[in-house]
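Below is one structure; the comments refer to it alone.
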Amino acid sequence: MSKHGKKPAWIDEFVAFAVKGNAMALAVGTIIGAGFGTITKSLTDDVIMPIVAIFMGGIDFSELKITLPRLFGGPVDEAGNVIANTLNYGNFLAAVINFLILALVVFWLVRILNKLTTAQKKKEEEAVPPPAPPAPSAEETLLTEIRDILKQKN
């Protein structure tokens with residue numbers, strides 16, 4: 001509330017934005033997208049990567065890494081051993097495969113939705129009969145009658 005007791009106009013505008021249309025669709029899309037991301041990650045990690053590992057000689061992608069040298073010692077674990085500096089490219093490959101699966105599924109969903117909406121629009125267009133031609137105005141009717149009379153006289 002402002003000092004005059006009135007609610008600022010932008011509050012009503014914000015509420016209309018947040019409750020209607022874009023903001024709600026964005027929120028729903030984000031929630032569904034997060035759940036779908038979890039499903040595709042599980043599909044990649046638990047189904048696809050083990051099958052790929054069979055063809056790669058049983059290698060677990062999470063174990064694919066390159067150990068990099070440490071120039072100045074580095075952090076140590078509880079036993080006093082220097083923690084290895086690794087480049088975990090296997091995890092990256094799994095993430096890329098996960099992304100490709102997600103992108104492919106989203107592509108197919110959008111493609112299917114586009115076909116459905118196109119088909120629905122065609123049905124709606126076919127269902128609506130063309131409008132009847134408008135009735136002639138009084139002047140047109142009078143001119144038509146005059147024309148017909150002149151044709152009969154000739």
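Each value in this text was obtained by applying a stated rule to the coordinates, not by laboratory testing. Since the model is a prediction, treat every value here as computed from it, not as a measurement. Glycine gets a Cβ as well: all are built from the backbone with ideal geometry, and neighbour counts include every protein chain shown.
What the table below lists for this structure:
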read-out: Longest exposed-site-free window of the chain, the sites being trypsin sites (Lys or Arg not before Pro) in a DSSP loop that have at most 16 other C-beta atoms within 10 Å; value: 71-154
read-out: Label-point separation in nm, THR86 to TRP108, each point 7 Å along Cα→Cβ; value: 3.3 nm
read-out: Measure of compaction for the chain (Cα Rg per 2.2 N^0.38 Å); value: 2.33
read-out: Long-range HN-HN contacts of ASN85 with modeled amide H, under 5 Å; value: LEU68
read-out: Alpha carbon convex hull of the range 53-103, volume per residue in cubic angstrom; value: 115 Å³
read-out: Calculated from backbone phi, Karplus (6.51, -1.76, 1.60) coupling profile of the range 46-58 in Hz, x at Gly/Pro; value: 9, 10, 6, 4, x, 5, 4, 4, 4, 6, 9, x, x
read-out: Top of PHE107, PHE92, PHE17 by mean-square fluctuation, Gaussian network on the chain, Cα under 10 Å; value: PHE17
read-out: Residues in the range 133-148 that a label on ASN154 would reach, taking backbone N under 18 Å of a point 7 Å out along Cα→Cβ; value: 143-148
read-out: Helical segments meeting 15 Å axial Cα length and Kyte-Doolittle 0.5 threshold in the chain (DSSP H); value: 9-19, 22-42, 89-127
read-out: Cα-projected label distance for PHE14 with PHE72, points at 7 Å along beta-carbon direction, nm; value: 4.7 nm
read-out: Cβ charges +1 (Lys, Arg) and -1 (Asp, Glu), total dipole of the chain, debye; value: 480 debye
read-out: Label point distance in nm, LEU143-ALA95, each placed 7 Å from Cα along Cα→Cβ; value: 7.5 nm
read-out: Alpha-carbon centroids, the range 84-122 and the range 1-75: separation in whole Å; value: 14 Å
read-out: Candidates per GluC sites (Glu not before Pro) in the range 46-154, loop by DSSP, up to 16 other Cβ within 10 Å; value: GLU78
read-out: Positive-end extreme of charge dipole, the chain - chosen from ALA132, ILE32, GLN120 (charges on Cβ); value: ALA132
